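The values are calculated or read from the model by the stated rules, or taken from the named source; none is laboratory data. What you see is a predicted model; the values in this text were computed from it and never measured. Positions of Cβ are generated from backbone atoms using ideal geometry, with glycine treated the same way; all protein chains shown enter the neighbour counts. When the accessible area is computed, the model is the full protein with side chains, heavy atoms only, and any ligands, DNA or RNA have been set aside. Shrake-Rupley method; radii C 1.70, N 1.55, O 1.52, S 1.80 Å.
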Amino acid sequence: MLRRRKRSEIKESQNSGTQSDSEEKKEKKTNSVVGKSNESSDDLNLKNKKKERRKSWSCVDSCCWFVGCVCSIWWLLLFLFNAMPASFPQYVTEAITGPLPDPPGVKLAKEGLKVKHPVVFVPGIVTGGLELWEGYQCAEGLFRKRLWGGTFGELYKRPLCWAEHMSLDNETGLDPPGIRIRPVSGLVAADYFAPGYFVWAVLIANLARIGYEEKNMYMAAYDWRLSFQNTEVRDQTLSTIKSNIELMVATSGGKKVVVIPHSMGVLYFLHFMKWVEAPAPMGGGGGSDWCSKHIKAVMNIGGPFLGVPKAVSGLFSAEARDIAVARTMAPVVLDMDVFGKQTLQHVMRMTRTWDSTMSMIPKGGDAIWGGLDWSPEGGYECSPKKTKNNNNQTGGQNRLGDLVNTSQALYGRIISFGKDVAELHSSKIERVDFRGAIKGKNLANATCHDVWTEYHDMGIGGVKAVADYKVYTVGSLLDLLHFIAPKMMKRGGAHFSYGIADDLDDKKYEHYRYWSNPLETKLPNAPEMEIFSMYGVGVPTERAYVYKFSPSPECYIPFQIDTSAEGGNEGYCLKGGVFSVDGDETVPVISAGFMCAKGWRGKTRFNPSGIRTYIREYNHAPPATLLEGRGTQSGAHVDIMGNFALIEDILRVAAGATGDDLGGDQVHSDIFKWSERINLRL
Amino acid sequence: MASILRFRKLCFVEPVKCSKLGFQSYDAPKFQKEEKESVSAIIEQVLEEKKKPKKNRQQREWRCIDTCCWAIGYMCTAWWLLMLLYNYLPPNLTPESPGTRLRREGLTPLHPVVLVPGIVTGGLELWEGKPCSEGLFRKRLWGGGSFTEIFKRPLCWLEHLSLDNETGLDPPGIRLRAVPGLVAADYFAPGYFVWAILIENLAKIGYESKNMYMAAYDWRLSFQNTETRDQALSRLKSKIELMYLTNGRKKVVVVPHSMGVIYFLHFMKWVEAPTPMGGGGGADWCDKHIKAIMNIGPAFLGVPKAVGNLISAETKDVAFIRSVAPGLIDSKTLGLQTLEHVMRVSRTWDSIISLVPKGGETIWGNLDWSPEEDYECHSSKKRPLQSSKENNSNNSDSRVVFSVKDPTKYGRIVSFGKPASELPSSQLSTLVSKEVSSSSISNVSCGEVWTEYDEMSRESIRRVPENKTYTATTILDLLRFVAPKMMQRAEAHYSHGIAEDLDDPKYDHYKYWSNPLETKLPNAPEMEIYCLYGTGIPTERSYVYKLSASDSCKSIPFQIDSSADGSSNGCLRGGVYFADGDESVPILSAGFMCAKGWRGKTRFNPSGIATYIREFNHKPPSSLLEGRGVESGAHVDIMGNVGLIEDVLRVAAGANGAELGGDRIYSDIMKMSEKIKLGL
């Protein structure tokens, strides 16, 4: 800029005003034409000069030129983007697809809905942001920057450093020395997971439309890597939630709160409800009527009450078909070779230090998830047949008759080695018990040392023993996990339990490790409370896996999903080594709905005060066009947070409606039929 | 980063277009010239000539853009290179932070810390707005990010920042709320730290979000209204109680800054008062929960800047809106009436009234007297006086010898015309402003009323300067005269007097709670109160005004007479008298309560809470690399002062005032305080 200006000044002094250096030459040229009659020779001279000039226009210059072009275009676009009115995208969308329906917040505000009950959000696993408070040298300059959530920029820049910071201590399940990673607090913790990828943002925006704001909305952010009780031990998160709920109830004139947990947050809040009632050192000392005094409704979204099979494959081989834990949101990131060849090992090493993943191991054993030859979902048809809206169970039962003859997927076998094993009748499978097998000596040779998983302590003998058992149900699965990862399971076993209680009044159930298992706890004594189970259906969801040996078991994870195992006839649910069943892509219907459909319905031993439960299912309808983004009728695990019908339900309840006002149950799947098959003493 | 890019784009994209146009328009006449002057040439040659230029022109035209692109590319590359180099700079260039040093000494977190931000530094975000603010839901309109919205839609922005003129609360249809959490005020604008450095240093010795809390509140509202609308005080109370419990029953250390200081005073009275007006914490709440209050740059007794801002929306270098974006406001983004707009908006903010000087003439001086009158603006280096009386008196003696001329009459906070600010009071013709009847004949031609000046007749405006000078007591009358509605609204929330009898039941009302001269400190003998502030920077203390030249509608009738310059002690510059302070708060306001008002057992401090004064002499940053300096004493920059950070860290880790070394004084605050005659 300066240069150009200077030049033009010079030119002005020479002759009439010109503006750029290219004109300058022209000027010279005309001058010379005037001055001399010998034009042709002059012309030659000029040409030569120009050639010299052009030669000096070298590689560097053209590089600069290119950069300049790109920059200018970029800026221009940026400028246009910034100058664009905010309503432009919506205008385009409406022009193409016709007028959009009003977002539920606007619609209900017109109906006259107003703020009533304060709202508490409990985010699930992986969706909450984590930020760095203290780190090693390699994390210099990242103080209070997000390591998890946001752009994940650091993951690309320094992957190993990132993985090191995200891991917890292998022994204690708490911070490793010298590293402090803490949850981001406030609504920003989980409104967007990555730029543009909403989690809670749509719901928050709609609540704001009917008058909610920061003072009556609270995001109960916690460090989702820790076991639930450890969030209290380390961060006093449970105390903070208790204090905030009490504050909101007090400042909103005694209105009870509506709690909206999502995914693992559902278990976290179960844990909270037990914690808050328990006496002081272990619990929050709120007394047995705390919940009935402070909570109006718990609206569980996509709740994995009984665990998710994905967690198993995540722990077993760090691969769940499209996600379990770390991979949930950033599958591309983790499939890339950011860590070199051993991405999965690094991921496994990192995720195995996270106690919280163990909270989602399927609970209830064979009684819930099915044994070798039966499963509650047996007879489910995967072919995309339109499921009718069955407001009662009869529709489901009628169809049962048709399906008896088709070969049924044996969902109970959550892990089978080989496709044939997955289908054989149980009497024909030869199994060798792995439990007594001697683990071989440590075969980790020097090349493997940089990546540690407990598989290296197992040796070939151990690995083989695992495969020889052929088939695992949920009941034997725990033994398997104890066998392959004893340290991790020992750590996790102190915090979580997966059984079914025989006698809920047993003293041992006062320990916190049982609090997040709905089958080993009683609901609080709060007859006026309501529990909603809201989840998507109609998306194939992982339910059981076919495994095989990994080709080179020395340094790698010795097992992997046998992606070649494909289903036979139509309606058979095996695809890419994974048996899938109805659900919301992550949580199978049985896990999300069983407690509300049967376990807690009416007065049962798990629900002594008869808290009313409602099932609200949302059938998945993929977004019609790309412009819709992630859809307003999605039933997928996270995308359901943008489902208009679900948002409307929440808004109505927050504004004072009860479950009956919403219309009671809304069922699309066979949940009632399946629940009936489960033989659980109530 | 984005804003830089945008700025550069503005610079560069436009010239590309311009030069292109310029070139084309320039081309045509050249050919004519050429043809005229080469008459003798052969036609073929002419033809040849014609062809060639065409060819050349194409090339050249291409090359013009080309050159521009080249230049831009060059700059981009250079910029990136610099950025890269900057990123790879070894971090050791910056001196070791106090946090790292104290950690080595073995300091660990003991007491939870509560940060109370001041005015303007807290972020505000939009929760509900008019159609013009579409797409800004939960985006910051104030603080934090860049203020890009001001440029994009200035009027919309101003409309949303205003409060309701009558109630001092939200206007209908607009909800602007304080950003919660540490992010509320860590950075005011990208790169402009407020609390960030302190937070980082606290984190170095082990603090994290569970034992550090930012008590963000909507700084536009009056203090009691933050409770009425947002329950901000209840939240603060609940949060302090929670931190107290979850951190092993350790009392909290409160660190308020600027206006946050009086906000926290208000909080302490509120929390003790019975519900419904108060928080119902009982008389021993503060004793049970608060270990120390470390007031940074406290505006206990108000700041004269607030007066300048209220009367004419201009203060020398900034007080409120202008504090951070001076270039912005002086530019013509909002048309010609920037200041009027600013005044209109800021007058709806009750909180500004809380900063009007308190204590009247007793504290701030009258027509002929002021506590700072001996202050010399050119005085150079001052030695630290570790609160030793002898040293103090010696110093003052020597000072008396030097100051031969008349002392500056700081007491006259607003004077009309330079002579009025200097004459002895006997020669001033004083009218009591109350006699000026407000014959409010609103000028119909002005249309929409913007500020209350528009409702005043020009005559009554002209009678304001007849009074010549206003002191801290009469300034309130002046404000009531020029802005009756605003003062009526605000005076329900604030009081600016001195209590005769603190036990009078009227002082139970919340309007007195933020005035240290009309409240008693809580009954908490173990608590400590610190006054930490910068000194050594000329700070606005009083103003010379004149009638504004333009008599048109919607203009502010008064403005600072920036031609009034130089006086006896050199304290008058550009119509403003300066005194010692931290650029915003004069030391009198920051230090008096700790130096005298609360020292020992006084009627304002019945339980004898220990007070400490910690002054930090201003040292400008020695090099550019230091940024805003690590030894700054300026009002906001002091938050990065290593001495101050060390004090805060030590107290948070358990030290008490005596262990810090008691008072640390550079200014004449003790002497000034002694001159103030206040019944204690």
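Things to note:
Let's see how each residue does on (1) open to solvent by less than 10 Å² (accessible area, probe 1.4 Å); (2) closer than 30 Å to B:Y187 by Cβ; (3) at pLDDT 90 or above:
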| residue | (1), (2), (3) |
| --- | --- |
| B:Y577 | yes, no, no |
| B:G608 | no, no, yes |
| B:G627 | no, yes, no |
| B:D637 | no, yes, no |
| B:V651 | yes, yes, yes |
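- Test: residue in segment B:178-196 that is more than 22 Å from the chain's Cα centre (by Cα) and at negative phi: no
- Only one of the numbered conditions (1) at pLDDT 85 or above; (2) part of a loop (DSSP other than H, G, I, E, B); (3) more than 27 Å from the chain's Cα centre (by Cα) is violated by A:V106, and that is (2).
- Any hit, segment A:114-133, residues being farther than 28 Å from A:M273 by Cβ, polar (S, T, N, Q) and either buried (at least 18 other Cβ atoms within 10 Å of the Cβ) or more than 13 Å from every other protein chain (Cβ to nearest Cβ) (or both): no
- The set of residues in segment B:62-83 that are closer than 10 Å to A:C69 by Cβ and either more than 8 Å from chain A (Cβ to nearest Cβ) or of a type in the set (A, V, I, L, M) (or both) comprises B:I65, B:I72.
- The condition of being within 8 Å of chain B (Cβ to nearest Cβ), touching a helix residue (DSSP H, G or I) at 6+ places or on another chain (Cβ under 9 Å) and not in a strand (DSSP E or B) holds for only one of A:E232, A:E246, that being A:E246.
- Screening A:Y222, A:Y192 for residues that are in contact with a Ser or Thr (Cβ under 9 Å, 6 or more places away or on another chain), within 26 Å of A:A636 (Cα to Cα) and at pLDDT 85 or above leaves exactly one candidate, A:Y222.
- Qualifying residues in segment B:449-482 (those that are of a type in the set (F, W, Y) and modelled with pLDDT under 80) - the one most open to solvent (accessible area, probe 1.4 Å): B:W450
- B:L176 falls short on exactly one of the conditions (1) in contact with a strand residue (DSSP E or B) (Cβ under 7 Å, 6 or more places away or on another chain); (2) part of a loop (DSSP other than H, G, I, E, B); (3) of a type in the set (A, V, I, L, M, F, W, C), and that condition is (2).
- Residue within segment A:137-144 that is within 13 Å of another protein chain (Cβ to nearest Cβ), over 18 Å from A:W354 (Cα atoms), hydrophobic (A, V, I, L, M, F, W, C) and open to solvent by less than 40 Å² (accessible area, probe 1.4 Å) present: yes
- Taking segment A:587-666 as the region of interest, the helices (runs of 4 or more DSSP H) fully inside it that hold 2 or more residues being surrounded by fewer than 23 Cβ atoms within 10 Å (Cβ to Cβ) are A:644-654, A:659-662.
- When segment B:653-670 is filtered for residues that are crowded, with 18+ Cβ neighbours inside 10 Å and either acidic (D, E) or closer than 25 Å to B:G302 by Cβ (or both), the ones remaining, listed by number, are B:D663, B:R664, B:I665, B:Y666, B:S667, B:D668, B:I669, B:M670.
- For segment B:261-286, a residue qualifies if it is touching a Pro at 6+ places or on another chain (Cβ under 7 Å), touching a residue at least 24 places away in the same chain (Cβ under 8 Å), open to solvent by 10 Å² or more (accessible area, probe 1.4 Å) and farther than 19 Å from B:D218 by Cα, and exactly one does: B:E272.
- Residue count for segment A:120-159, restricted to those that are touching a residue at least 24 places away in the same chain (Cβ under 8 Å) and on the phi > 0 side of the Ramachandran plot: 4.
- With a requirement of 2 or more residues that are modelled with pLDDT of 75 or more and closer than 22 Å to A:Y545 by Cβ, the helices (runs of 4 or more DSSP H) lying completely within segment A:284-372 that satisfy it span A:309-317, A:343-351, A:365-369.
- Only residues that are surrounded by fewer than 20 Cβ atoms within 10 Å (Cβ to Cβ), among the β-branched types (V, I, T) and at pLDDT 90 or above were counted in segment B:165-215, giving 1.
Each row is one residue, and each column tells you yes or no for (1) closer than 26 Å to B:N309 by Cβ; (2) in contact with a helix residue (DSSP H, G or I) (Cβ under 6 Å, 6 or more places away or on another chain); (3) at pLDDT 80 or above.
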residue	(1), (2), (3)
B:L85	no, no, yes
B:H111	no, yes, yes
B:I119	yes, yes, yes
B:L136	no, no, yes
B:E149	yes, yes, no
B:L163	yes, no, yes
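- Every listed requirement among (1) touching a strand residue (DSSP E or B) at 6+ places or on another chain (Cβ under 7 Å); (2) within 14 Å of chain B (Cβ to nearest Cβ); (3) farther than 23 Å from A:G303 by Cα is met by A:M166 save one, (2).
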